[in-house]
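Peer 1: Provided herewith is a single structure, encoded as structure tokens, for subsequent inquiry.
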Amino acid sequence: MAASLLFLIILLCGLTAAADVFAHFMVANTYNYTQTEWKADFVAASEIGIDGFALNWGPPDCSLAPNNQDWYVARIEDAFAVAATNEFKLIYSFDMSYTPAACSIGWNTTFMATMISKYANSPAAYIWNGDVLVSSYGGEGYGNEFFAELKSVLAGERVTISLSPALTTYSLKAQSADPNGVATGMLANYTAIDGYFNWQAWPADTDTNLTAGVDVEFQAAFENAGRTGPYIMGVSPWQFKDFNDGYYNSWVEYSDVLFPNRWQQAISTVQPDIVEIITWNDFEESHYIRDVPPVAGPAAVGFGVTGAYIYGQTHSAWRVMAQYYISWYKTGLVPKVTEDRVVFWYRVHPKEVPCSSGTNNIGVVRNAAYPADAVFAWALVSENSTISMNVGSHQNWTFQATVCGPTLNMVPFPKGINNAYPSVAIQRKEETLQAATGAVAITEACAYENYNPVVGLTGPALTASPKMGNGSGSRGKPKKPKLQKKAC
């Protein structure tokens, strides 16, 4: 009787209607994959509560690609085969930035419909309101008629879809214009879309923190218009790219405390239908949370010049942070902390020093002045603790972390820093309980101009989360969990 009463209380509180979390996944980085590598990625993502991947891939015959990309189809076949037996969900995120104007052969609705219908009945397909969920990166270069035609072709194959694209020019414009007006205009122009994916998870060329204003206005506009698709909110830890070929292809966005701030917005302000982490494995834009791939072997990726700022820059500990917020987002309850951990991150050289190679030899990384020269720390503790940080000559800088949720702080780089490995320790009752040192030194004698951070972890590695997503993959508008905003 007591167990039945508890179950009824949980239902009434809405805690069983968990929202879902996807991670944006670059199929372009899977050329060497076998089913073994797919399974390893699915398992690692599931361990932190991610329900599925949004598969980003370009048109196989696009002339911009260096070679024919037909192998995409084979990798996707492997992905669905493995996901179907591992309770993992997949959606397409067609990369429609490859427009008909740029490609001799871009996307066509017949091919897209064939790929959607092929897996529409797979256990790995993610279903929204009885329809296969389909997303995109871009799409403005194709237009509303293209989306309407795609739906029509699929209807002829007895497949219905819920279409939630990332029309990136609209969400970018909304950062500097009235977001409600931008959303209203988009809805008028795109009658064929059902929901929306807000890709713009970073501040746009400004050194101020991103707010949730665009998400709130876009979400409300779609609901008021009666659109039935999900509102998907992008959450990302970082943004840096450098192809070493000039100003416009090399940039960093202000990301110092972006990941925890964006998660807090998703939980406390927006409560979107789906959170999409940007990304699992886009290494070249520095917003990956996957382990850095090996130089050789099935999981290897041929980075070319960008490997100079990727190899050695581990981001794995960001999954610890993601796991905490995913649990909070899905259940509405602040997760109970039973183990002490600090996630810390830093760049490997001061921003004003000239490095021996990289874009600063021929220009300037756009927004290079924005990131702070500092080591940042995000602490979760089971009891009130002192966090001690050492960065070069800045020794024993401390802050207090409490049981009332994550505590964020930072220590600036000292002047003249050279070959300094930052360290972070958790102390309680004059005893050091956990300590760790960064994997890469901070130095002014830098080999490559690099704004991609190293992410470290003090404390034990993460343990797998219990399965909280909807195993059937059949979702409609979820009942929002009753939100607990603070631990104390």
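The values are calculated or read from the model by the stated rules, or taken from the named source; none is laboratory data. Since the structure is predicted, the reported quantities are computational estimates derived from the model, not experimental observations. Neighbour counts are summed over all protein chains in view; Cβ atoms, including those assigned to glycine, are modelled from backbone coordinates with ideal geometry. Heavy atoms of the whole protein, side chains included, go into the accessibility calculation; ligands, DNA and RNA do not. Shrake-Rupley method; radii C 1.70, N 1.55, O 1.52, S 1.80 Å.
Peer 1: Treating only the Cβ of Lys, Arg, Asp and Glu as charged (+1, +1, -1, -1), what charge dipole size does the chain show about its Cα centre? Round to the nearest 20 debye. Write out the running numbers ahead of the final one.
Peer 2: On the way: 29 positive and 42 negative charges, 268 e Å.
The calculation lands at about 1280 debye.
Peer 1: Only loop residues by DSSP count here, and only those with at most 12 other Cβ atoms within 10 Å; note down the trypsin sites (Lys or Arg not before Pro) in segment 410-460 that meet that.
Peer 2: In loop regions of segment 410-460 (DSSP not H, G, I, E or B), the sparsely surrounded trypsin sites (Lys or Arg not before Pro) are K415, K429.
Peer 1: Would you work out if segment 320-470 is rounded, prolate or oblate? Take a ≥ b ≥ c from the square roots of the eigenvalues of the alpha-carbon gyration tensor; rounded if a/c is under 1.5, else prolate when a/b is larger than b/c, oblate otherwise.
Peer 2: Details: a/c = 2.69, a/b = 1.58, b/c = 1.70.
Note, shape of segment 320-470 comes out oblate.
Peer 1: Continuing with the same structure: Segment 195-221 to segment 369-403: how many Å between their Cα centroids?
Peer 2: What the calculation gives is 29 Å, centre to centre.
Peer 1: Solvent-accessible area per residue for the chain at a 1.4 Å probe radius, Å²?
Peer 2: That works out to 39 Å² for each residue.
Peer 1: I've got another one for you. For L457, list long-range residues whose amide hydrogen, built 1.01 Å from N in the peptide plane, is under 5 Å from its own amide hydrogen.
Peer 2: Placed amide hydrogens put F344 under 5 Å from L457.
Peer 1: Shape of segment 65-167 from its Cα gyration tensor (a ≥ b ≥ c, root eigenvalues): rounded if a/c is under 1.5, otherwise prolate when a/b > b/c, or oblate? Intermediate results must be reported in sequence, preceding the final value.
Peer 2: Details: a/c = 1.86, a/b = 1.24, b/c = 1.49.
Here segment 65-167 falls in the oblate category.
Peer 1: Shifting gears a bit: Taking 0.36 nm per intervening residue step and subtracting the Cα-Cα distance, what contour gain separates N418 from A102 on full extension?
Peer 2: Length difference between fully extended and current span is 109.2 nm.
Peer 1: Moving on to the next point. Between segment 281-347 and segment 28-100, how many Å separate their Cα centres?
Peer 2: Between the Cα centre of segment 281-347 and that of segment 28-100, the gap is 18 Å.
Peer 1: Quick one: which residues, 5 or more positions from Y98 or on another chain, have an amide H under 5 Å from its amide H? H modelled 1.01 Å from N in the peptide plane, none for Pro or chain starts.
Peer 2: none
Peer 1: Using the Cα gyration tensor of the chain, with a ≥ b ≥ c the square roots of its eigenvalues, what is the shape: rounded (a/c below 1.5), prolate (a/b larger than b/c) or oblate (neither)?
Peer 2: Values: a/c = 1.68, a/b = 1.23, b/c = 1.36.
In terms of gyration-tensor shape, oblate.
Peer 1: What net charge do the residues around M321 carry, taking every other residue with its C-beta under 12 Å from that of M321, with Lys and Arg at +1 and Asp and Glu at -1?
Peer 2: Net of charged neighbours comes to +3.
Peer 1: Quick check for me: using +1 on Lys/Arg Cβ and -1 on Asp/Glu Cβ, what's the dipole size of segment 299-458 about its Cα centre, in debye to the nearest 20?
Peer 2: So the magnitude is around 340 debye.
Peer 1: Using each residue's phi in segment 31-39, evaluate 6.51 cos²θ - 1.76 cosθ + 1.60 at θ = phi - 60° and report the 3J(HN,Hα) Karplus result to the nearest Hz, with x for Gly and Pro.
Peer 2: Values per residue, Gly and Pro as x: 3, 8, 5, 10, 4, 4, 5, 4, 4 Hz.
Peer 1: While we're on this one: Using a Förster distance of 45 Å, how high is the FRET efficiency between T206 and S382, based on the Cβ-Cβ distance and rounded to 0.05?
Peer 2: Plugging the Cβ-Cβ distance into 1/(1 + (r/R0)^6) gives 0.75.
Peer 1: Relative to the compact globular guide of 2.2 N^0.38 Å, what is the alpha carbon radius of gyration of segment 246-341, as a ratio?
Peer 2: 1.28
Peer 1: What trypsin sites (Lys or Arg not before Pro) in segment 149-213 are in a loop by DSSP, with at most 10 other Cβ atoms within 10 Å of the Cβ?
Peer 2: Passing sites in segment 149-213 are R158.
Peer 1: A74 to R158: FRET efficiency via 1/(1 + (r/R0)^6), r the Cβ-Cβ distance, R0 25 Å, to the nearest 0.05?
Peer 2: 0.45
Peer 1: Given charges of +1 on the Cβ of Lys and Arg and -1 on the Cβ of Asp and Glu, with all other atoms neutral, how large is the dipole of segment 375-450 about its Cα centre, in debye to the nearest 20?
Peer 2: 80
Peer 1: Scan around A23 for amide H atoms under 5 Å from its own, H built in the peptide plane at 1.01 Å from N, and keep only partners 5 or more places away or cross-chain.
Peer 2: The list, which skips near neighbours in sequence, is G52, F53, A54, I277.
Peer 1: Next question. Within a Cβ distance under 12 Å of M26, other residues only, what is the Lys/Arg minus Asp/Glu net charge?
Peer 2: Here the charged neighbours net out to -3.
Peer 1: Per residue of the chain, what 222 nm ellipticity follows from adding -39500 (n - 2.57) for every DSSP H run with n ≥ 4, rounded to the nearest 500? Intermediate results must be reported in sequence, preceding the final value.
Peer 2: Details: 10 runs with 113 residues, N = 488.
The per-residue figure over the chain is -7000 deg cm²/dmol.
Peer 1: List the chymotrypsin sites (Phe, Trp or Tyr not before Pro) within segment 227-282 that fall in a DSSP loop (any state other than H, G, I, E or B) and whose Cβ has at most 16 other Cβ atoms within 10 Å.
Peer 2: Those that pass, being in a loop and sparsely packed, are F243.
Peer 1: Scan the chain and report its longest stretch carrying no GluC sites (Glu not before Pro) that are both in a DSSP loop and have at most 14 other Cβ atoms within 10 Å.
Peer 2: Between the exposed loop sites, the longest stretch runs 158-338.
Peer 1: What aspartates and glutamates sit close enough to K173 to cross-link, taking a C-alpha to C-alpha distance under 15 Å and skipping anything fewer than 8 places away on the same chain?
Peer 2: K173 reaches E140, D205, D215, E217.
Peer 1: Here's another thing I want to ask about it. Per 0.36 nm of contour for each residue apart, how much would the distance between Q35 and R428 grow if the chain were fully extended, relative to their Cα-Cα spacing?
Peer 2: Residue separation times 0.36 nm, minus the Cα-Cα distance, leaves 136.9 nm.
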